[in-house]
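See below for the structure under consideration.
The values are calculated or read from the model by the stated rules, or taken from the named source; none is laboratory data. Just so you know, these numbers come straight off a predicted model, no measurement behind them. So basically every Cβ, Gly included, is an ideal-geometry build from the backbone, and we count neighbours across all protein chains shown.
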Amino acid sequence: MPKITLLNQSGQNVGEVNLEDKVFGIEPNEQVMYDVVKAIRANSRQGTHKVKTRSEVRGGGRKPWRQKGTGRSRQGSIRSPQWVGGGVVFGPSPRDYTLKVNRKVRKLALKSALSQKIKDEKFIVLETLSVETPKTKAMAEVLSGLKVNKKVLMILSEQNENIERSARNIPNLSVTTASQVSVYDVLYHDIIIATQDAVKYYEEVLV
């Protein structure tokens, strides 16, 4: 069972936390993480790209010149693909990029991502996190006390408007809740900062 230091929001050691081995101590499955991240990125695509074929381009109803006798190559329409302003051959058209991933696979991928951050010592657990008023300076002091300056993801147990607004203007800092975090979020950020309640949420839901 992995142990991790418990910090307060000033960065001081206030104890230790025993983490659930089945959630934070598994051997990371790289293939599963890859599959889920690939699905997340594919599902975020709108798929609204579109070009017009020769049947959709305006004009070109009349044959530009007679078939024979002009010395020029035969043409049936000025909207054929070889003409400027003509239709596009085999161009993109609206489609659905959605990839389906089973629920058990998504859970395994999230456990793998969290376990990888624990293994790399890039996971910080806070006793509590609170900001009295929504001020960027207050959140900057928290990050300074924790000595983190890379891409940081803060995971809360529930939404907190003061914290979210305080973090909004800080580059490379994202705030989310435990129920909304994705595998891509965990892997994209260098450091994960989670409250103790958020950790308990994962230990209840992902076991």
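Out of curiosity, is V37 surrounded by 18 or more Cβ atoms within 10 Å (Cβ to Cβ), in the same structural domain as A194 (by TED's automatic domain parsing) and more than 30 Å from G15 (Cβ to Cβ)?
When the stated conditions are applied, V37 passes them.
Of all helices (runs of 4 or more DSSP H) completely enclosed by the stretch 116-207, which ones contain at least 3 residues that are in contact with a Leu (Cβ under 9 Å, 6 or more places away or on another chain) and under 15 Å from I4 (Cβ atoms)?
The qualifying helices (runs of 4 or more DSSP H) are 196-205.
Would it be correct to say that G47 is within 30 Å of Q196 (Cβ to Cβ), part of a loop (DSSP other than H, G, I, E, B) and of a type outside the set (D, E, K, R)?
Against the criterion (within 30 Å of Q196 (Cβ to Cβ), part of a loop (DSSP other than H, G, I, E, B) and of a type outside the set (D, E, K, R)), G47 does not qualify.
List the pairs whose first member sits in the stretch 108-126 and is of a type in the set (D, E, K, R), whose second member is at pLDDT below 95 and surrounded by fewer than 20 Cβ atoms within 10 Å (Cβ to Cβ), and whose Cβ atoms are under 8 Å apart, counting only residues at least 6 apart or on separate chains?
Hits for this filter: K111/K22; K111/I26; K111/L206; K119/P28; K122/D190.
Just to be sure I understand the filter: pairs with C-beta atoms under 9 Å, separated by 6 or more residues or on different chains, first member in the stretch 128-143 and in contact (Cβ under 8 Å) with a residue 40 or more places away in the chain, second member surrounded by 12 or more Cβ atoms within 10 Å (Cβ to Cβ) and among the β-branched types (V, I, T). Which pairs pass?
These pairs meet every condition: T128/T195; L129/V142; L129/I163; L129/I193; L129/T195; S130/I163; V142/V131; V142/I193.
With (1) of a type in the set (A, V, I, L, M); (2) surrounded by 13 or more Cβ atoms within 10 Å (Cβ to Cβ); (3) over 26 Å from V181 (Cα atoms) as the list, and I4 as the residue in question, which single condition is left unmet?
(3)
So which residues in the stretch 151-172 are touching a Lys or Arg at 6+ places or on another chain (Cβ under 9 Å), touching a residue at least 24 places away in the same chain (Cβ under 8 Å) and surrounded by fewer than 21 Cβ atoms within 10 Å (Cβ to Cβ)?
S157, N162, R165
Each row is one residue, and each column tells you yes or no for (1) aromatic (F, W, Y); (2) in contact (Cβ under 8 Å) with a residue 60 or more places away in the chain; (3) on the phi < 0 side of the Ramachandran plot.
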position: S10; (1), (2), (3): no, yes, yes
position: I26; (1), (2), (3): no, yes, yes
position: A39; (1), (2), (3): no, yes, yes
position: K52; (1), (2), (3): no, no, yes
position: S55; (1), (2), (3): no, no, yes
position: G59; (1), (2), (3): no, no, no
position: P64; (1), (2), (3): no, no, yes
position: G69; (1), (2), (3): no, no, no
position: Q75; (1), (2), (3): no, no, yes
